[in-house]
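Remarks on the structure that follows.
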Amino acid sequence: MPDIQEAVKFLTKVTEADSENRRNAIEDLRFVGGDQWPVQMQNSRQLENRPCLTINKLASYIRQVTNGQRQQRPRIKIHPVNDISDPKIAEILTGIMRGIEEKSNADHAYDLGFDFAVKMGWGYWRLVSDYIRDDSMDQDIYIRAIENPLSVYFDPNSVLPDGSDAEACLITDMMTKTEFKRLYPDAQDSSGFRFFGSGDVMPDWLTKYDIRLAEYFKIEKIRDTLIQLSDGTTHWKEKLPPMEMLDQMHLSIIGDRLSMRKQVKWYKQTAFEILEERTLPGRYIPVVPVYGEVTVIDGKRQKSGLVRDAKDPQRMYNFWRTAMTEKMALAPKAKWLMAEGQDEGHENEFAQANVRSIASLRYKQTDVEGRPAPPPQYIEPEGPPAGAIELSMAFSSDLQATVGIFDPAMGIPSGPKSGKAIRAEQGQSENSNYHYYDNLTHSIKHTGRIILDWIPTYYDRKRVVRIIGDDGQPDMITVNDNTAINKIENDVTIGEYDVVMDTGPGFNTKREEAVDALMTLLQGNPQLMQIAGDLIFRNMDFPGAEVIADRLAAANPLAQIDDKSEVPPQAQMLIKHLQQQLQQITQQAQGLEQELKFKMGLKQMEESSETQREHMRLTVKAHDVNTRENVALHESQTKALTAQNVEELKGMVQLLLHHLSTQKLEQETTEL
């Protein structure tokens with residue numbers, strides 16, 4: 001059962017150890033925000049109605065440091081560290097981390113933490129997990145900003161610059177009792193958690209309307225036995241697979257030792273009740289600090305930023321600028337020296353000459369006694385004291401020397417100097433504050449390690465994720481793809497990897513520098529356009545550059561190399577060359593085949609034509625024979641029919657004649 005009072009005791013411990021740092025941090029934030037006059041001096045001057053001007057030069061020096069970091073953001077890269085790690089998987093993990101940073105808007109978290117580190121000495125961001133959508137079961141990793149670093153109570157025993165050795169952390173937050181009851185209806189909202197540290201927004205954990213919650217992280221160390229198997233892998237005894245499974249995999253135990261297994265626990269609680277708890281993946285507390293300057297004095301760690309040592313010269317600059325302004329404001333106005341009576345009738349014009357723009361001043365050329373008098377003379381007022389000007393300039397120089405940023409780095413002309421000298425002074429300013437940038441690099445590197453620890457937990461099955469390349473272009477890839485035969489493609493759950501940081505100019509700056517260098521080389525070697533023309537245009541920003549690059553790449557064999565392929569570039573070039581030769585041979589073979597088919601077609605057409613002609617000749621001949629036979633048969637049939645008809649006619653004639661003869665005989669007989 002977790003101890004509720006453990007968080008209370010931890011808060012008390014951090015408050016006692018870090019109270020001075022918190023008090024100084026609040027003063028630094030107020031100072032850079034414009035509250036730069038000591039309270040007693042400001043009150044006394046206000047009672048006397050005297051000005052208290054604030055010329056906040058320090059804010060511009062801070063922006064010089066923070067904006068320089070934004071132009072050269074550190075970038076995470078993943079490298080394999082053992083024989084079961086895959087360089088291709090390392091590239092995928094790098095792309096996944098860039099994707100996590102992109103969707104988390106991690107730049108805001110990094111910038112805010114760095115801004116606080118420069119101003120007051122430290123800042124924070126955190127890592128959380130959440131479902132990618134309300135209707136999804138997939139979780140993802142997010143980097144979140146911490147708006148108020150004074151609400152974070154970090155392990156005071158942590159000494160590493162990235163906070164990776166921290167074993168406890170507490171983050172507090174205020175919530176209305178109504179919202180608290182809605183989220184935790186069975187929880188208590190009374191009693192007080194009245195331990196607080198300087199700088200926390202509310203000095204109490206319970207008010208009439210609000211209640212303070214605390215997120216408490218701690219690392220538990222559990223004694224366990226580390227087992228080494230015959231394949232070189234190691235497993236904790238508590239999580240070791242059964243021996244039957246090891247036997248089936250032909251694995252055996254070859255060694256073991258006692259060790260401490262780390263487990264990260266998270267609790268959400270009030271001062272008197274734990275509301276939620278769970279075990280987090282990984283080995284580190286997912287709260288990342290970024291420090292400014294850390295100095296150990298008398299066993300205590302003192303944290304500071306750029307403001308701490310710049311307060312006195314900034315105050316002195318404000319004081320002398322105010323003194324100069326006050327002196328000039330109280331100095332007498334400009335006067336006119338004239339004889340008595342010369343302004344008679346024009347008194348108002350001379351009285352308002354110092355406050356109005358009057359085109360002309362009229363005067364009398366004689367005095368009151370009528371004697372000629374010279375024209376009135378304008379008496380200039382007394383200028384600002386030269387000593388005050390020199391002192392304000394001296395304190396301005398002291399301020400620059402304190403923060404380590406000089407005029408050329410601020411873009412302010414400082415007299416005729418060569419470009420090399422100006423760059424040297426700018427480099428000196430960057431070097432004097434480079435430790436801020438270096439500390440940020442350490443913290444982002446630790447962030448990458450935490451994400452590496454979390455990826456096997458949240459990316460433990462097949463899913464499609466978005467990755468971001470070096471050029472900022474997104475791509476979609478499937479991780480833990482188990483569709484391959486006897487292999488899981490893009491398995492991000494195995495292997496050991498580490499984080500390295502890529503610092504210096506960003507991709508866009510490098511691209512511009514590449515174009516300048518390539519154009520210079522192109523002037524001396526025009527043939528370079530045939531080899532790298534597509535790269536030159538692809539790095540340019542004008543509209544249509546990508547189209548030109550694609551057209552040049554289509555005609556350049558070197559541009560056909562696939563950087564993501566496992567095949568070496570030389571082998572890819574050889575394959576491309578052989579493919580081109582095969583394509584040419586295939587085209588030639590197809591041409592010869594077409595020509596052969598054409599010739600064979602002509603021959604077949606000739607043979608077919610000859611066959612058709614012979615067939616037609618035989619057909620005509622057969623038709624002629626048949627026609628003649630038919631004609632002969634027709635003639636014979638006609639003759640036979642004609643002869644038959646003739647014989648029938650003859651017979652009929654004979655019958656008629658016989659009949660006539662019989663009738664005649666009967667007639668004659670009758671007459672007789």
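The values are calculated or read from the model by the stated rules, or taken from the named source; none is laboratory data. Fair warning: this is a prediction, and the values are worked out from it, not measured in the lab. Virtual Cβ from ideal backbone geometry, glycine too; neighbours counted across all protein chains shown. All accessible areas refer to the heavy atoms of the entire protein, side chains included, with ligands and DNA or RNA removed. Shrake-Rupley method; radii C 1.70, N 1.55, O 1.52, S 1.80 Å.
Look at segment 377-395: where a residue is at pLDDT 80 or above and a partner is not in a helix (DSSP H, G or I), sitting 6+ places away or on another chain with Cβ atoms under 6 Å, you get GLN377/LEU337.
The residues listed here are ARG133, ARG144, ARG98; of these, the one that is assigned to a strand (DSSP E or B), out of contact with any Asp or Glu (no Cβ under 6 Å at 6 or more places or on another chain) and open to solvent by 10 Å² or more (accessible area, probe 1.4 Å) is ARG144. For beta carbons closer than 9 Å, sequence separation of 6+ or different chains, a first residue in segment 223-237 that is open to solvent by less than 50 Å² (accessible area, probe 1.4 Å) and a second that is of a type in the set (S, T, N, Q), the qualifying pairs are ASP224/SER259; THR225/SER259; LEU226/THR234; LEU226/SER259; ILE227/THR234; LEU229/SER252; GLY232/ASN82. Of all the numbered requirements in (1) modelled with pLDDT of 80 or more; (2) outside any loop (DSSP other than H, G, I, E, B), LEU251 misses one, and that requirement is (2). TYR267 fulfils the conditions (1) more than 30 Å from ASP186 (Cβ to Cβ); (2) of a type in the set (Ser, Thr, Tyr); (3) touching a strand residue (DSSP E or B) at 6+ places or on another chain (Cβ under 6 Å) except for a single criterion, (1). Contact map, segment 442-458: first residue in a helix (DSSP H, G or I), second residue of a type in the set (Lys, Arg) and open to solvent by 50 Å² or more (accessible area, probe 1.4 Å), Cβ cut-off under 9 Å, separation 6 or more or different chains; pairs are ILE444/ARG73; ILE444/ARG75; GLY448/LYS77; ARG449/ARG283; ILE450/ARG283; ASP453/ARG283. A Cβ distance below 6 Å, combined with a sequence gap of six or more or placement on separate chains, defines the contacts here; from segment 59-79, residues that are part of a loop (DSSP other than H, G, I, E, B) reach residues that are polar (S, T, N, Q) and open to solvent by 30 Å² or more (accessible area, probe 1.4 Å) in the pairs PRO74/THR503.
Report yes if some residue within segment 562-577 is open to solvent by 80 Å² or more (accessible area, probe 1.4 Å), farther than 27 Å from GLY469 by Cβ and either at pLDDT 70 or above or in a helix (DSSP H, G or I) (or both); otherwise report no. Scanning segment 562-577, I find at least one residue that is open to solvent by 80 Å² or more (accessible area, probe 1.4 Å), farther than 27 Å from GLY469 by Cβ and either at pLDDT 70 or above or in a helix (DSSP H, G or I) (or both), so the answer is yes. Summed over segment 331-346, residues that are modelled with pLDDT of 80 or more and loosely packed, with under 12 Cβ neighbours inside 10 Å total 3.
The residue that is least open to solvent (accessible area, probe 1.4 Å), among those in segment 542-551 that are at pLDDT 70 or above and either among the aromatic types (Phe, Trp, Tyr) or in a loop (DSSP other than H, G, I, E, B) (or both), is GLY544.
Taken together, ALA187, ALA166 contain a single residue that is outside any strand (DSSP E or B) and out of contact with any helix residue (DSSP H, G or I) (no Cβ under 9 Å at 6 or more places or on another chain), which is ALA166. Taking the residues in segment 16-39 that are hydrophobic (A, V, I, L, M, F, W, C) and farther than 18 Å from ALA59 by Cβ as candidates, determine which candidate is surrounded by the most Cβ atoms within 10 Å (Cβ to Cβ). My answer is ALA17. Report yes if some residue within segment 50-72 is charged (D, E, K, R) and closer than 18 Å to HIS446 by Cα; otherwise report no. Taking every residue of segment 50-72 in turn, none turns out to be charged (D, E, K, R) and closer than 18 Å to HIS446 by Cα. A count restricted to segment 293-313 and to residues that are touching an Asp or Glu at 6+ places or on another chain (Cβ under 9 Å), of a type in the set (S, T, N, Q) and either under 21 Å from PHE395 (Cβ atoms) or without any contact (Cβ under 8 Å) to a residue 40 or more places away in the chain (or both) stands at 1. Scan segment 148-159 for residues that are within 13 Å of ARG301 (Cβ to Cβ), surrounded by fewer than 18 Cβ atoms within 10 Å (Cβ to Cβ) and touching a residue at least 40 places away in the same chain (Cβ under 8 Å) and the total you get is 1.
Examine segment 362-375 for a residue that is open to solvent by 70 Å² or more (accessible area, probe 1.4 Å), assigned to a loop (DSSP other than H, G, I, E, B), touching a Gly at 6+ places or on another chain (Cβ under 6 Å) and at pLDDT 80 or above, and state whether such a residue exists. Yes - at least one qualifying residue is present in segment 362-375. Filtering GLN42, GLN71, GLN46 for residues that are open to solvent by less than 80 Å² (accessible area, probe 1.4 Å) and of a type outside the set (Phe, Trp, Tyr) leaves a single hit, GLN42.
For the list (1) farther than 30 Å from SER396 by Cα; (2) open to solvent by 10 Å² or more (accessible area, probe 1.4 Å); (3) of a type in the set (Val, Ile, Thr), I need the number of the one condition that VAL65 fails. Evaluating VAL65 over (1) farther than 30 Å from SER396 by Cα; (2) open to solvent by 10 Å² or more (accessible area, probe 1.4 Å); (3) of a type in the set (Val, Ile, Thr) leaves (1) as the failure. Taking LYS597 as the residue in question, decide whether it is under 60 Å from the mean Cα position of the chain (by Cα) and basic (Lys, Arg). Taking the combined requirement at face value, the residue satisfies it. Taken over segment 286-301, residues that are open to solvent by less than 20 Å² (accessible area, probe 1.4 Å) and modelled with pLDDT under 95 amount to 1. Screening segment 495-519 for residues that are β-branched (Val, Ile, Thr) and at pLDDT 85 or above and picking the one that is least open to solvent (accessible area, probe 1.4 Å) gives VAL499.
Among the residues that make up segment 302-320, is at least one of them under 35 Å from the mean Cα position of the chain (by Cα) and surrounded by fewer than 19 Cβ atoms within 10 Å (Cβ to Cβ)? Within segment 302-320, one or more residues are under 35 Å from the mean Cα position of the chain (by Cα) and surrounded by fewer than 19 Cβ atoms within 10 Å (Cβ to Cβ).
For GLU326, the test of being without any contact (Cβ under 8 Å) to a residue 12 or more places away in the chain, surrounded by fewer than 19 Cβ atoms within 10 Å (Cβ to Cβ), more than 20 Å from ILE405 (Cα to Cα) and among the acidic types (Asp, Glu) is failed. The single condition among (1) farther than 30 Å from GLN473 by Cβ; (2) at pLDDT below 75 that GLU593 does not meet is (2).
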